[in-house]
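Read through the structure below, which is laid out as structure tokens, and then see the notes.
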Amino acid sequence: MPPDDAPSSPPVATTLNLEHLFDGLGTGDLRFAASCTERSGAWVTLDGYVARTHDDRGWVLVDQPGACPDCSPVPVAAVQLPGFAPAVTPDPAVSSTLHGRLSFGFRIGADGTASFLRLDHATLA
């Protein structure tokens, strides 16, 4: 059953990639783009690479295959995927397309995970 604020049918979504949400990809100057605030709350289709978190409690969408926000020598663009539960584990070396509602701003989830950028209600497109 979908969460209370999830739509019963998929809404029309804007197609994005992580370059739309981050400035300075691949550099020490990585930062959230101004568009994160503007697009927060919007339903989007987002391309990237799905990876498990180090503690195996969750998933993130990153900009490079095999990129790890926890152990990379440079900052990694990552979008948290709270509640993401794919029927089939995505291949981390293959780009995936996800659909969900973009959420920007500091939040601590029910599992204790803190994040600034999330794709809520994420599903594989």
Positions within the range 106-125 being over 13 Å from the mean Cα position of the chain (by Cα) and aromatic (Phe, Trp, Tyr), in sequence order = PHE106
Quickly run through the range 11-26 and pick out the residues that are at pLDDT 90 or above and open to solvent by 70 Å² or more (accessible area, probe 1.4 Å).
-> THR15, GLU19, HIS20
Right, THR37: of a type in the set (Ser, Thr, Tyr), surrounded by fewer than 16 Cβ atoms within 10 Å (Cβ to Cβ), more than 15 Å from THR97 (Cβ to Cβ) and in contact (Cβ under 8 Å) with a residue 60 or more places away in the chain or not?
-> yes
Do we have any residue at all in the range 55-63 that's acidic (Asp, Glu) and either touching a helix residue (DSSP H, G or I) at 6+ places or on another chain (Cβ under 8 Å) or in contact (Cβ under 8 Å) with a residue 24 or more places away in the chain (or both)?
-> yes
Tell me, which residue of the range 66-85 that is part of a loop (DSSP other than H, G, I, E, B), open to solvent by less than 30 Å² (accessible area, probe 1.4 Å) and out of contact with any Asp or Glu (no Cβ under 8 Å at 6 or more places or on another chain) is farthest from ILE108 (Cα to Cα)?
-> ALA67
Please go through the range 105-125 and pick out each residue that is more than 13 Å from GLY83 (Cα to Cα) and surrounded by 20 or more Cβ atoms within 10 Å (Cβ to Cβ).
-> LEU117
Can ASP29 be described as out of contact with any strand residue (DSSP E or B) (no Cβ under 7 Å at 6 or more places or on another chain), at pLDDT 90 or above and either exposed (fewer than 13 other Cβ atoms within 10 Å of the Cβ) or within 14 Å of PHE116 (Cα to Cα) (or both)?
-> yes
Residues located in the range 42-57, provided they are part of a loop (DSSP other than H, G, I, E, B) and touching a Leu at 6+ places or on another chain (Cβ under 7 Å) | ALA42
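The values are calculated or read from the model by the stated rules, or taken from the named source; none is laboratory data. No experiment lies behind these values; they were computed from the predicted model shown. As a convention, Cβ positions derive from the backbone with ideal geometry for all residues, glycine included, and neighbour counts pool all protein chains shown. Note: areas computed on protein heavy atoms with side chains; ligands, DNA, RNA excluded. Shrake-Rupley method; radii C 1.70, N 1.55, O 1.52, S 1.80 Å.
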